[in-house]
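Engineer: Can you keep this structure in mind? I'll have questions shortly.
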Amino acid sequence: MEEPDASPAAVIEAYLFAKRALAQSMQSLLRSQLPAASCAAFHELRRRIQEELHSRFSGQVPEQYLKVPYGTKANEELFAVLHQQIGSPVDSARLRTVNADDIHTERRIRELRELGLDIASAKVDGHQYYTLGSFELDSERIRELVVKAIRKSTVLSKAEKDEMAARLV
């Protein structure tokens, strides 16, 4: 009977294989626990933002700057986890698991905040937590979505961007 390779490199390879397999399994388990109602709530949220963008800014800026950003699957899944536990802290490790992303999860949380959601963060015993306070939108953030879209434009000059952003009330 041949002995398995117990070299440090082989042990590390086995660990990395197991780590990836476990991460994928945990992601699947977490996603399977997300209620469809949370995804419907995400689409309702985006619909409300779109309506407010149009009601407040149609006629002031071209239509291309009145689109709701951050509609990716990653944003939707993070919202679903937070929405499922609205008012309760959610460990950032859980959020990173649902997206299988250690790097961009915090950026996606910031994007949800930019949409006007009340998401608080706190550190407890060295662990980061996020809490969705309510499903109400901060309407002050809606203007900033339009300003950001204008600032990202590649067809407008800086002066045109400044003038267009200044017109927004």
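The values are calculated or read from the model by the stated rules, or taken from the named source; none is laboratory data. In this text, all values refer to a predicted model and were calculated from it rather than measured experimentally. Heads up, the Cβs are rebuilt from the backbone with ideal geometry, glycines too, and the neighbour counts pull from every protein chain shown. In case anyone asks, the SASA skips ligands and DNA or RNA and just uses the protein heavy atoms, side chains included. Shrake-Rupley method; radii C 1.70, N 1.55, O 1.52, S 1.80 Å.
Engineer: For the subset of the range 85-100 comprising residues that are among the charged types (D, E, K, R) and surrounded by fewer than 19 Cβ atoms within 10 Å (Cβ to Cβ), which member is modelled with the highest pLDDT?
Structural biologist: Of the residues in the range 85-100, the ones among the charged types (D, E, K, R) are 91, 94, 96.
Right, trim to surrounded by fewer than 19 Cβ atoms within 10 Å (Cβ to Cβ) and you get 91, 94.
On the way: D91: 95, R94: 92.
This residue is D91.
Engineer: I'd like to verify a number: residues in the range 50-65 that are acidic (D, E) and surrounded by fewer than 16 Cβ atoms within 10 Å (Cβ to Cβ), how many? Write out each step before concluding.
Structural biologist: Restricting attention to the range 50-65, the residues satisfying the condition of being acidic (D, E) are 51-52, 63.
Keeping just the survivors that are surrounded by fewer than 16 Cβ atoms within 10 Å (Cβ to Cβ) gives 51, 63.
Counting residues in the range 50-65 that are acidic (D, E) and surrounded by fewer than 16 Cβ atoms within 10 Å (Cβ to Cβ) gives 2.
Engineer: Would you please name the residue that is farthest from the chain's Cα centre (by Cα), looking only at residues in the range 110-169 that are over 20 Å from L82 (Cβ atoms), loosely packed, with under 14 Cβ neighbours inside 10 Å and of a type in the set (A, V, I, L, M)?
Structural biologist: The residue in question is A159.
Engineer: Here's a follow-up. Among (1) open to solvent by less than 50 Å² (accessible area, probe 1.4 Å); (2) farther than 30 Å from E160 by Cβ, which single condition is V68 missing?
Structural biologist: Failing condition for V68: (2).
Engineer: Additional query: Would you tally the residues in the range 105-126 being of a type outside the set (D, E) and touching a helix residue (DSSP H, G or I) at 6+ places or on another chain (Cβ under 7 Å)? Walk me through it before giving the result.
Structural biologist: So the first thing to find is which residues in the range 105-126 are of a type outside the set (D, E), and the list is 105, 107-110, 112-113, 115-117, 119-124, 126.
From the residues that got through so far, the ones that are touching a helix residue (DSSP H, G or I) at 6+ places or on another chain (Cβ under 7 Å) too are 105, 108-109, 112, 115-116, 119.
The number of residues fulfilling the criteria is 7.
Engineer: Let me ask something else. Find the residue count for the range 50-89, including only residues that are part of a helix (DSSP H, G or I) and closer than 21 Å to R151 by Cβ. Outline the logic, then answer.
Structural biologist: Step one: list which residues in the range 50-89 are part of a helix (DSSP H, G or I), which gives 50-57, 63-65, 73-84.
Still in the running and closer than 21 Å to R151 by Cβ: 50, 52-54, 56-57, 63-65, 75.
Summing the residues that are part of a helix (DSSP H, G or I) and closer than 21 Å to R151 by Cβ in the range 50-89 gives 10.
Engineer: Could I ask something else about it? Test R47 against the stated conditions and say whether it is surrounded by 14 or more Cβ atoms within 10 Å (Cβ to Cβ) and either modelled with pLDDT of 95 or more or assigned to a helix (DSSP H, G or I) (or both).
Structural biologist: Working: surrounded by 14 or more Cβ atoms within 10 Å (Cβ to Cβ): no; either modelled with pLDDT of 95 or more or assigned to a helix (DSSP H, G or I) (or both): yes.
So R47 fails the test.
Engineer: Tell me which of these P35 doesn't satisfy, since it passes every other one: (1) at pLDDT 85 or above; (2) touching a helix residue (DSSP H, G or I) at 6+ places or on another chain (Cβ under 7 Å).
Structural biologist: Result: P35 passes all but (1).
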